[in-house]
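*Asks:* One structure coming up, written as structure tokens, with questions to follow.
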Number of protein chains: 2
Amino acid sequence: MKVLVAEKCGFCHGVRNAIRVAEKTLAEKKGVYSLGPIIHNRDMVEQLAKSGLKTVSKIEEIQSGTVLIRSHGAAPKQIAKLREKDLNIIDATCILVKRVQHIATEFENNGYEVVIIGEENHPEVQAVVGCARNVIVIANESDLNRLPENARLGVVCQTTQSPEHFGRMLGAIGRTNFSELKVINTLCKEAIKRQESAVRLCKQVDIMFVLGGLESANTRRLAELCRTVNKQTYHLQNWDELDKSLLTGEKTAGVTAGASTPDWIIDEFRQNLEAFDNSSSSGKATV
Amino acid sequence: MKVLVAEKCGFCHGVRNAIRVAEKTLAEKKGVYSLGPIIHNRDMVEQLAKSGLKTVSKIEEIQSGTVLIRSHGAAPKQIAKLREKDLNIIDATCILVKRVQHIATEFENNGYEVVIIGEENHPEVQAVVGCARNVIVIANESDLNRLPENARLGVVCQTTQSPEHFGRMLGAIGRTNFSELKVINTLCKEAIKRQESAVRLCKQVDIMFVLGGLESANTRRLAELCRTVNKQTYHLQNWDELDKSLLTGEKTAGVTAGASTPDWIIDEFRQNLEAFDNSSSSGKATV
């Protein structure tokens, strides 16, 4: 089967950094914890677990040792709690996510109502929510009633949303009765390039695969965008999850992957896909 | 014929003030000029001309006397020119328009690229354009290429635009590659109430009349909005302009008017319309 891999896909700078920090810490220390999965990729988290990383969902589960703050960040209250417990803290928060947190705090200090466009339960958004007293989360148009009337709104966006969604929500906010709107563009430019590259690719293929954690916001967003262009789009975690009957009759497949998907998952998927039809022997094509 | 008049229509605060200032000045002084029509209503301008107001299009046409700055304002350069000629200046600029001018200057002083959403050739917009070195006018989506990449944009809106258009354009700007967006809501709340009242009314009537100057931006906007709800919408300046054959077979007519349309034009129109069908005798109904 002919396989085309998106020009831009896989690990972003923030994820690569978080993995590097985790691996370095695991090599140097014992009793290393991550508060929530360090990145949204089960296979990668399992691999790090084998090297000793313990992923916990609550601070109460940690008694001593070193705590890694994952790429999505943590709220100041959580950091304070970790400090109280005298734990060694190593911060692997993505610098772009850190910037969103700073802006939220700045907005509040300057008298703005803080608004974040994003998914309420995503850890990145939750950490930002913890950076000011009252952060309003707007996932879509149905949340607009959360906005106060006639207010000064300071707006940021979850880094992995698409410019299309960001713009649509700014338009919707712009129709409300606001007094002032200050918006800082906090979209990740890497994520945008991956989205553009994925959309370009899925126009050229019969079937499109988006590889990445099911909880990974940027992977879900990639899959959503691809689906608008190519209905034969599937979001999978790895080759094992693929229902091979989907490939029947298809000639060209496209592959992209979220920012938290390691290269070996993409490579394995591509190789298996290429081998699936013996009549085809194309190499790793890029678009 | 049954006639319903919009609850909110006709003179707004800014126009009423400009007319009051003009009448007072004309009663006290001789040689009174207006730089451009004082408001966008031919009948009203003609009435003031009878009282002595001379409307000129260029400063060069004025040698001495008093100059009224019309409700739409004037650019600082124009005011400076008038001062140089030692003319007596009386400012009848609407306070909301004045606010847009101040914000544009503030934006520029704070390092923003100044953007106004509005009609490029409208005098209100032209006066704002004159308040900063480089003001970018965005009338609709096709003007978005005027925006610089990756910039800090300070955005205001022509006061008489609709929240719907303002929101749509903010959404479109939000999809571009901006760095920061600071938006001050400069829409006139009176204009919005008139728009809402007109839209409500035109859902209830067979035929809708929007009275006001053909150059009046707020009247044109009212007509546009009404047309989206009731295709039988006509923008006229007064009763004389009405093609009476349009009324054939219609039972209920709605009437609204722009912010620069005097009451006597609305009253005359309503009375003539009511008298048009002798079988109907409803009073001035309000919705």
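The values are calculated or read from the model by the stated rules, or taken from the named source; none is laboratory data. Since the structure is predicted, the reported quantities are computational estimates derived from the model, not experimental observations. Here the Cβ is made from the backbone with ideal geometry for all residues, glycine too, and neighbour counts use every protein chain on show.
*Asks:* Can you give me the number of residues within segment B:178-206 that are of a type outside the set (K, R), over 16 Å from the mean Cα position of the chain (by Cα) and under 30 Å from A:I184 (Cβ atoms)?
*Replies:* 7
*Asks:* Filter segment B:240-270 for residues that are of a type in the set (D, E) and farther than 25 Å from B:I38 by Cα; which is surrounded by the fewest Cβ atoms within 10 Å (Cβ to Cβ)?
*Replies:* Residue satisfying both the conditions and the ranking: B:D243.
*Asks:* Restricting to segment A:134-164, give me the number of residues that are over 19 Å from A:E180 (Cβ atoms), at pLDDT below 95 and not hydroxyl-bearing (S, T, Y).
*Replies:* Here the count works out to 3.
*Asks:* Can you find, within segment A:107-148, the residue that is surrounded by the fewest Cβ atoms within 10 Å (Cβ to Cβ) among those that are touching a residue at least 40 places away in the same chain (Cβ under 8 Å) and assigned to a strand (DSSP E or B)?
*Replies:* So the residue we want is A:E113.
*Asks:* Just need a number here: residues in segment A:175-186 that are modelled with pLDDT of 95 or more and either farther than 14 Å from B:T176 by Cα or out of contact with any strand residue (DSSP E or B) (no Cβ under 6 Å at 6 or more places or on another chain) (or both).
*Replies:* 6
*Asks:* Being at pLDDT 95 or above, over 22 Å from the mean Cα position of the chain (by Cα) and surrounded by fewer than 22 Cβ atoms within 10 Å (Cβ to Cβ), is that true of even one residue in segment A:232-239?
*Replies:* yes
*Asks:* Could you list all residues from segment A:149-195 that are free of Cβ contacts under 8 Å to residues at least 12 places away in the same chain and more than 8 Å from chain B (Cβ to nearest Cβ)?
*Replies:* A:K189
*Asks:* Let me ask you something else. Condition test on A:V229, is it in contact with a helix residue (DSSP H, G or I) (Cβ under 7 Å, 6 or more places away or on another chain) and farther than 19 Å from A:D43 by Cβ?
*Replies:* Judged against the criteria, A:V229 is a match.
*Asks:* Considering only segment A:167-190, I want to know if a residue exists there that is acidic (D, E), surrounded by fewer than 21 Cβ atoms within 10 Å (Cβ to Cβ) and in a helix (DSSP H, G or I).
*Replies:* yes
*Asks:* Among the residues of segment A:79-106, write down those that are surrounded by fewer than 19 Cβ atoms within 10 Å (Cβ to Cβ) and of a type in the set (S, T, N, Q).
*Replies:* A:N88, A:T105
*Asks:* Condition first: assigned to a helix (DSSP H, G or I), surrounded by fewer than 24 Cβ atoms within 10 Å (Cβ to Cβ) and more than 13 Å from chain B (Cβ to nearest Cβ). Can you find one or more residues in segment A:198-218 that meet it?
*Replies:* Yes, some residue in segment A:198-218 is assigned to a helix (DSSP H, G or I), surrounded by fewer than 24 Cβ atoms within 10 Å (Cβ to Cβ) and more than 13 Å from chain B (Cβ to nearest Cβ).
*Asks:* Check every one of the strands (runs of 3 or more DSSP E) wholly within segment B:45-106 and list those with 1 or more residues that are of a type in the set (D, E) and either closer than 29 Å to B:E190 by Cα or touching a residue at least 40 places away in the same chain (Cβ under 8 Å) (or both).
*Replies:* So the answer is B:88-91.
*Asks:* Among (1) of a type in the set (S, T, N, Q); (2) in contact with a His (Cβ under 7 Å, 6 or more places away or on another chain); (3) farther than 29 Å from B:L214 by Cα, there is one condition B:T105 misses while meeting the rest; what is its number?
*Replies:* That leaves (2) as the condition not met.
*Asks:* In addition: Return the residues of segment B:52-70 that are out of contact with any Phe, Trp or Tyr (no Cβ under 9 Å at 6 or more places or on another chain), surrounded by 12 or more Cβ atoms within 10 Å (Cβ to Cβ) and either small (G, A, S) or within 17 Å of B:N238 (Cβ to Cβ) (or both); say none if nothing qualifies.
*Replies:* Hit for segment B:52-70 is B:G52, nothing else.
*Asks:* Follow-up question, since we're still on this one. Could you count how many residues in segment B:196-211 are touching a residue at least 60 places away in the same chain (Cβ under 8 Å) and under 19 Å from B:K251 (Cα atoms)?
*Replies:* Residues flagged as touching a residue at least 60 places away in the same chain (Cβ under 8 Å) and under 19 Å from B:K251 (Cα atoms) within segment B:196-211 amount to 6.
*Asks:* Here are some residues: A:N121, A:N140. Which one is within 27 Å of A:L225 (Cα to Cα), away from chain B (no Cβ under 14 Å) and out of contact with any Gly (no Cβ under 8 Å at 6 or more places or on another chain)?
*Replies:* A:N121
*Asks:* Could you check segment A:20-32 and list, in sequence order, the residues that are surrounded by 14 or more Cβ atoms within 10 Å (Cβ to Cβ) and touching a residue at least 40 places away in the same chain (Cβ under 8 Å)?
*Replies:* A:V21, A:A22, A:T25, listed by residue number.
*Asks:* From the list A:A6, A:A22, which one is under 25 Å from A:W239 (Cα atoms) and either of a type in the set (V, I, T) or modelled with pLDDT of 95 or more (or both)?
*Replies:* A:A6
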